[in-house]
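The values are calculated or read from the model by the stated rules, or taken from the named source; none is laboratory data. None of the values given here were measured: they were computed from a predicted structure. Cβ atoms come from the backbone with ideal geometry, glycine included; neighbour counts cover every protein chain shown.
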Amino acid sequence: MRGGKIYIKGNAGYRVGIHMKSYQDLYPIVIVGGAVRDFLGEYMAGGLLIILGMDRESGQPIVGGHVGTGMHGGIIYVRGEVEKHRLGKEVEIFKLNEEDKYKLKVYLKEYAKDFDLDLRKILREKFMKLLPCTIRPYGKLYAY
């Protein structure tokens, strides 16, 4: 995905956001209202993933395992807590700053309107930001 928006009201499956990449003025956005399974944002190079975790079954995690494996660009926001053991080694958890809060409000406003949801209720929960901690996670594997 190199541009456009995908809004999912409920849960999504495996490998959501694989190989997303921004290109010039194209900025891909995926918002999932429910939970996702393994390999969220795998090899992500740009764009934005927002996982809200609403309407999950009791005890169901918001994300599966290996989140951000191979990620080297873009941003993943998750509403709620994600245990560190679910993250790929290429990503780290960061606190939101004011720019993040503004960005979430802008994108979630349209999402909430499209699905007739209460934006204030969505934003009441804590979000975490996942960013890559390297720009070339596998570069050393191919260097001689």
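Quick look at the values:
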item: Residue selected from segment 8-18 under the condition within 14 Å of the chain's Cα centre (by Cα) and surrounded by fewer than 16 Cβ atoms within 10 Å (Cβ to Cβ), by the criterion farthest from His72 (Cα to Cα); result: Gly13
item: Yes/no for Ile51 being in contact (Cβ under 8 Å) with a residue 40 or more places away in the chain and not hydroxyl-bearing (Ser, Thr, Tyr); result: no
item: Hits in segment 86-144 (condition: modelled with pLDDT under 95, more than 26 Å from Asp38 (Cα to Cα) and either buried (at least 17 other Cβ atoms within 10 Å of the Cβ) or of a type outside the set (Ser, Thr, Tyr) (or both)); result: Ala143
item: Some residue of segment 87-97 being assigned to a helix (DSSP H, G or I) and farther than 17 Å from Lys9 by Cα; result: no
item: Subset of segment 1-27 (residues that are closer than 21 Å to Val82 by Cβ and touching a Leu at 6+ places or on another chain (Cβ under 8 Å)); result: Arg15, Val16, Gly17, Met20
item: Residue count, segment 74-126 (criterion: within 18 Å of Gly53 (Cβ to Cβ), free of Cβ contacts under 8 Å to residues at least 24 places away in the same chain and acidic (Asp, Glu)); result: 2
item: Selection within segment 49-101 - among the basic types (Lys, Arg) and under 21 Å from His19 (Cα atoms); result: Arg86, Lys89
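Conditions (1) farther than 22 Å from Lys105 by Cβ; (2) buried (at least 18 other Cβ atoms within 10 Å of the Cβ); (3) aromatic (Phe, Trp, Tyr), marked per residue:
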{"residue": "Tyr23", "(1), (2), (3)": "yes, no, yes"}
{"residue": "Pro28", "(1), (2), (3)": "no, yes, no"}
{"residue": "Ile31", "(1), (2), (3)": "no, yes, no"}
{"residue": "Gly34", "(1), (2), (3)": "no, yes, no"}
{"residue": "Arg37", "(1), (2), (3)": "yes, no, no"}
{"residue": "Gly47", "(1), (2), (3)": "no, yes, no"}
{"residue": "Glu57", "(1), (2), (3)": "yes, no, no"}
{"residue": "Gly65", "(1), (2), (3)": "yes, no, no"}
